[in-house]
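Down below is the structure, laid out as C-alpha cells.
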Amino acid sequence: MTDEQTTQSNATLPPLEPLIYDLGAPGRKGVNLPDSDVPEARLPEHLVRTGLDLPEVSEMDVVRHFVRLSQFNYSIDTGFYPLGSCTMKYNPKLNEDMARLPGFALAHPLQDTTTVQGALALMYTLQAWLAEISGMAGVSLQPAAGAHGEFAGILMIRAYHIANGEPNRTRIIVPDSAHGTNPATTAMTGLDVVEITSDNNGDVDLDRLREVCDETVAGMMITVPNTLGVFEGHINEIVDIVHGCGGLMYMDGANMNAMLGIAKPGELGFDVMHYNLHKTFSTPHGGGGPGSGPVAANEKLLPFLPGPVATIEEEGDGDIPPLYGLSMPEQSIGRLKAFYGNFGMLVRAFTYIMLHGGPGLKAVTQHAVLNANYIRARLKDSYTMPFERICGHEFVCEGHWTDAEGVHALDVSKRLMDYGFHPPTNYFPLIVPEALLIEPTETESKEACDAFIEAMLTIAKEAKDNPDLLHEAPHKTPVGRVDEVRAAKELVLCCRPIPAVEK
Ligand SMILES: *Cc1c(COP(=O)(O)O)cnc(C)c1O
C-alpha cells in the first residue's frame, strides 16, 4: 500500500478494488465435487457457452470478497437505523432459530395437509392473533408485502360492491398524507384515485372529503398514523362520512407499531386493513428477507379474503388436537401468491408475538411512541417541525435553515453517515419541504437515542458554520457521495471494472 492509500479518510476499511474478477488465476478452485456415480453425458449444445470468462478463485478468495462487501453495508445489526416508515427495529435472533426448525424449514408446500399439522396450527393461530390485534373478523396470510396486502384489500372492496350490484363504485379517496403505495395500489386495481389535501394540522380536510363523497366512491384508503407520523384527529368523522355515502374504509396498517394494544382498527370502523409483519413484527426486511402483508377484514368483507386460509376441519377433543386444513373463503378474490404466503416470515412473526404476549406488544408501542417523542422534543429548537403536536411512532422535521443557504435534507442525511447512523427517510412525505422522517422504534435505548440527538444537533450547527462539510459528506464511508441521478440514468450492471464514462 502506498502512503497515499493508507492516509485516506476511510482508514478502517480496505478500498473496493480489486474486484473478485481480478483475483482469479487459472486452476484455483473453490469447490471439490465428489466423484460422479452416474455415466458422463454431454450437455445439449445450446446450453454450453464458452467465452463467459468466469474467474477461477479459491474458497478463501470468495469468503474474503463477500465478507468485505458485507462490511461496507449498514444494517440494523450494525447500528441505529431511524428510516421513517420502515420500522427498522431489531430482529430477535430467536425468530431465526424458530424459522430454521427442520419441521418448518423443510416442509414442502405440496405435502398432504395431514403431514404438516404443526405448520397449519401456526398459521391458524397467527391468523387469530392478527384478527384479535386488529379487532377484525378474519385474516388471510397470503400477501407477500404491504403493497400486496393493499392490493388484496382494494380488490376485496371492489368485489364487495360488484356482489352488491354496485359496479359503478370505481373511485378510491386517498389523502395526500398517504403512503405512495396507496395511490399506486388503487391504480393497479384499475380504480380511480381521488386525492384530497390535508389541513394545516396534518389532518384530512373534512370539507373536501364531504365534497368528493358520492355514489361513485368505492372507498377510502388512509394510513394511520399517517406518513407525517400523526394520528388522524378526526378518524371517527372520516369513517362516518365515507360509510355515509356507501364507501368502505381501508386502513394502511404498516404503521401498526404505533397502535398495538392501544387502538383496534376494527373498532375504529375500518372494514379492511393490512399488516406489515416485516415492520411491526420484526421479520427482517430491506434486503434482509421477503415481506409479508397479511390482510384483515371485518364480517362484511370476510367472504372475499384471498385464499387459501388455514381452517379447523375437525374440532379437537381433550388431548386430541384439532385437525387443521386449508380452504378458500366463499367469495374469495382468489390466490395472490404461490402456495401459502411467505411462510418463514409467518414463523418469525408468530415467535415475536408469542414472546411478547398482549402486555408486551402494548409496551412495544408505548416505547416506540416515547422514543419518537423524546427525539422530537429534543430536536425541535434546532430543526423546523411542520406540526407542533405529539407524534406516533415517528415524526417529520425539515432539513433546511434560512441562515444556512444551500443546505438540504440530503446533506443532513449524508453527514449522519459520518457519525455512524443510517439516514432517516428523505423527501418523504412529499407534502413537507426537505422532509426528514425519523422513526427510532422501541428497540433503541435512551443512550442510542441520545447519541443520535447529539449528532443531529451537531449537524444543525455545522450547517451554518461549515456547510461544505455537509455538502461533501459522507467522508468516512467506503463509498463517498454518489451521483444518484447519473447512477439511475446510466446503469452499470456489470461488476467488472469498466473504463470511466465521459461526463
Ligand atoms: C412500508 C409501507 C408500505 C408498503 O409496504 P411494502 O411491504 O414495502 O410493500 C405501505 N404503507 C406504509 C405506510 C408503509 O410504511
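The values are calculated or read from the model by the stated rules, or taken from the named source; none is laboratory data. Please read all numbers here as calculations on a predicted model, not as lab measurements. Glycine also receives a Cβ, built like all others from the backbone with ideal geometry; neighbour counts cover every protein chain displayed.
Data overview
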{"read-out": "Test result for V364, modelled with pLDDT of 95 or more, outside the structural domain of A296 (by TED's automatic domain parsing), crowded, with 21+ Cβ neighbours inside 10 Å and touching a helix residue (DSSP H, G or I) at 6+ places or on another chain (Cβ under 9 Å)", "value": "yes"}
{"read-out": "Some residue of region 294-311 being on the phi > 0 side of the Ramachandran plot and of a type in the set (F, W, Y)", "value": "no"}
{"read-out": "For I375: the one exception among (1) touching a residue at least 60 places away in the same chain (Cβ under 8 Å); (2) in the same structural domain as V224 (by TED's automatic domain parsing); (3) of a type in the set (A, V, I, L, M); (4) out of contact with any His (no Cβ under 8 Å at 6 or more places or on another chain)", "value": "(2)"}
{"read-out": "First in region 164-178 and β-branched (V, I, T), second anywhere and assigned to a loop (DSSP other than H, G, I, E, B), Cβ under 6 Å, 6 or more apart", "value": "T170/L191; I172/L191"}
{"read-out": "Among the residues listed as M259, M249, the single one being in contact with a Phe, Trp or Tyr (Cβ under 6 Å, 6 or more places away or on another chain) and either closer than 20 Å to A137 by Cβ or in contact (Cβ under 8 Å) with a residue 24 or more places away in the chain (or both)", "value": "M249"}
{"read-out": "Tally of residues being part of a loop (DSSP other than H, G, I, E, B), within 16 Å of the ligand (Cβ to nearest atom) and within 16 Å of W129 (Cβ to Cβ) across region 263-292", "value": "5"}
{"read-out": "Qualifying strands (runs of 3 or more DSSP E) (wholly inside region 139-239; at least 3 residues being within 15 Å of the ligand (Cβ to nearest atom))", "value": "171-175, 217-223"}
{"read-out": "Within region 322-353, tally of residues that are without any contact (Cβ under 8 Å) to a residue 60 or more places away in the chain and among the hydrophobic types (A, V, I, L, M, F, W, C)", "value": "1"}
{"read-out": "Filter result for the condition that a residue is in a loop (DSSP other than H, G, I, E, B), among the acidic types (D, E) and either without any contact (Cβ under 8 Å) to a residue 40 or more places away in the chain or in the same structural domain as N257 (by TED's automatic domain parsing) (or both), over D403, D450, D381", "value": "D381"}
{"read-out": "Qualifying positions in region 314-335 - crowded, with 17+ Cβ neighbours inside 10 Å and at pLDDT below 95", "value": "none"}
{"read-out": "Failed item in (1) touching a Lys or Arg at 6+ places or on another chain (Cβ under 6 Å); (2) surrounded by fewer than 21 Cβ atoms within 10 Å (Cβ to Cβ), with T87 passing the rest", "value": "(2)"}
{"read-out": "Counted residues, region 279-308 - those being buried (at least 20 other Cβ atoms within 10 Å of the Cβ), more than 25 Å from L155 (Cα to Cα) and small (G, A, S)", "value": "1"}
{"read-out": "Some residue of region 122-136 being assigned to a helix (DSSP H, G or I), within 16 Å of the ligand (Cβ to nearest atom) and either under 29 Å from A184 (Cα atoms) or of a type outside the set (S, T, Y) (or both)", "value": "yes"}
